[in-house]
Amino acid sequence: MAVENALREIPGTNAQIFVYFSEIMGRLVCAADGEGLGRLADFKIKMGELFPRVASLAVKPRHGKQILEMDWSNVDSCNTQSIRLNPGAEKLFRPLETGPEEILLREELLDKQVVDTLGARIERVNDIHLIIVHQDLRLVHVDFGARGILRRLGWLRSADKLTNWLFAYQTEERLISWKYIQPLPSHPDKRNLKLNVSARKLHEIHPSDLADIIEELDALNRSTIFRALDTQTAALTLEELDDTKIQTSLITQSPVEQASDILDEMAPDEATDLLADLPGEKRRKLIQTMEKPSREAVEALLKYREGTAGSIMTKDFFSVPGTATVGQAIEEFRKTTCPLESVAYIYIHDAAGKIAGVCTLRHLIIAEREVLLSTLMNTRLITVEAEEKIAEVTGLFRKYKFLALPVVDAGGTLQGLITLKDIMQEELEE
């Protein structure tokens, strides 16, 4: 099925031959008259196309150690026995070079880790599936399965005979379309290797899966993948990372402007936790470049001692005056950019700014638009102060089964919000 789907996306695939890289790697490269010139060492492709063409073949000559390359357009025929060149093509060999958006299949893809953006995981490439279409050789799939290893060892036929005889079964192919694969650069000068044209972009992977992928990579590839993300996805992914060292390394390696944009997108409490782990000068520089609302929220949270309610609360909450009607509250609600977990409750304050009661989203949905919120609100509030210990706050969540808990100052003014998600994270860390 994977092969059929790939064929539909390659124009003019009426006549095609499939071949695995392991089946032609090391095969004889011949001149038009049949004279052996050397052995196939590698294929070079240029990134960018959905199913990229092989641009040139790398050949180890019979005499000499330097690997040479030849444009694929000079190939007359290719099969699992040999590769034959056009007449006179043997004069066109040149030293092998690769550009920043070119990769060598054997050297940089085979046996290397890649990101499977369809399955949202890191995979190891065991073989490479190619197709010959109208004289072009294209990369269509990568093989992650055991069959790829057996094929390279020359044991595949024997293994199939054995499993068919014993179990009437043979191991399945694990081919993934190239359009879902993100190769990872093996050299520092390819740090900005262009991402594949993909039907499933990196930003479409759930941030928690992206975080898992990033944690499995080395420092170079973490930075490559992270820089490829849009600002919002990068912020959500940072929030999902469990390793604070990886968080801080990614944000410190990013340009200051990009890093501050990412921090602006993060929940204030998450951004504060991240900034708190940075060196003082770096922290000050990033805070200064943040947008004013985010900067003020972060500076306020950084004042609270670790282990207190204030240190984990968020400044994202939804509060309206008691004189507001349900209709007015709905209009304000439509404008809010607070995350969903922060707007489970609508807090009502009096003229002095003191919290007076709370409503739920259900009230906004079922009540008439002309009704005053002050007539609907629950005035029996459970609140905590910013210096309250987190253990005490956790006890309140367990007792009352709240989705969020307001944090107030000594005068009763709402300062922030602790969500169930915040408490669960604290519990998991403990």
*So, in region 373-421, of the ones that are touching a Pro at 6+ places or on another chain (Cβ under 9 Å) and without any contact (Cβ under 8 Å) to a residue 40 or more places away in the chain, which residue ends up nearest to E240 (Cα to Cα)?*
T383
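When you look at A89, is it in contact with a helix residue (DSSP H, G or I) (Cβ under 6 Å, 6 or more places away or on another chain), without any contact (Cβ under 8 Å) to a residue 24 or more places away in the chain and either outside the structural domain of G26 (by TED's automatic domain parsing) or crowded, with 18+ Cβ neighbours inside 10 Å (or both), yes or no?
So A89 fails the test.
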_With the requirement that a residue be surrounded by 19 or more Cβ atoms within 10 Å (Cβ to Cβ) and of a type in the set (A, V, I, L, M), what does region 224-258 give you?_
I225, L229, A234, A235, L236, L238, L241, L250, I251
*asked:* Could you go through region 136-156 and let me know if any residue there is basic (K, R), surrounded by fewer than 16 Cβ atoms within 10 Å (Cβ to Cβ) and more than 22 Å from the chain's Cα centre (by Cα).
replied: no
*Selection count, region 134-187, where residues are β-branched (V, I, T), under 30 Å from T98 (Cβ atoms) and in contact (Cβ under 8 Å) with a residue 24 or more places away in the chain*: 4
*Find the residue count for region 157-177, including only residues that are part of a helix (DSSP H, G or I) and surrounded by 12 or more Cβ atoms within 10 Å (Cβ to Cβ).*
4
_Number of the exception - R84 against (1) surrounded by fewer than 13 Cβ atoms within 10 Å (Cβ to Cβ); (2) basic (K, R); (3) closer than 18 Å to L130 by Cα_ = (1)
_Being at pLDDT 90 or above, outside any helix (DSSP H, G or I) and surrounded by fewer than 13 Cβ atoms within 10 Å (Cβ to Cβ) narrows it down to one residue among G38, G64, G26, G12; which is it?_
G26
*Kindly indicate whether any position in region 235-245 is acidic (D, E), outside the structural domain of S294 (by TED's automatic domain parsing), more than 23 Å from L105 (Cβ to Cβ) and modelled with pLDDT of 80 or more.*
no
*asked:* Being small (G, A, S), crowded, with 20+ Cβ neighbours inside 10 Å and in the same structural domain as L403 (by TED's automatic domain parsing) is the requirement here; does A352 meet it?
replied: no
_From the options I83, I67, I103, residue that is over 35 Å from the mean Cα position of the chain (by Cα), of a type in the set (A, V, I, L, M), within 26 Å of L220 (Cβ to Cβ) and not assigned by TED's automatic domain parsing to the domain that holds L220_ = I67
*Which condition breaks for A271 when tested against (1) out of contact with any helix residue (DSSP H, G or I) (no Cβ under 7 Å at 6 or more places or on another chain); (2) modelled with pLDDT of 90 or more; (3) among the small types (G, A, S); (4) over 30 Å from H363 (Cβ atoms)?*
(1)
*Could you list, in sequence order, the residues of region 132-145 that are under 17 Å from E23 (Cβ atoms) and either modelled with pLDDT of 90 or more or in contact with an Asp or Glu (Cβ under 8 Å, 6 or more places away or on another chain) (or both)?*
L137, R138, L139, V140, H141, V142, D143, G145
*Can you name the residue in region 319-349 that is under 19 Å from L372 (Cα atoms) and polar (S, T, N, Q) and, of all such residues, is surrounded by the fewest Cβ atoms within 10 Å (Cβ to Cβ)?*
T323
*From the set of residues in region 93-107 that are at pLDDT 90 or above and among the charged types (D, E, K, R), which is nearest to G36 (Cα to Cα)?*
R94
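The values are calculated or read from the model by the stated rules, or taken from the named source; none is laboratory data. Source: prediction; values computed, not measured. Heads up, the Cβs are rebuilt from the backbone with ideal geometry, glycines too, and the neighbour counts pull from every protein chain shown.
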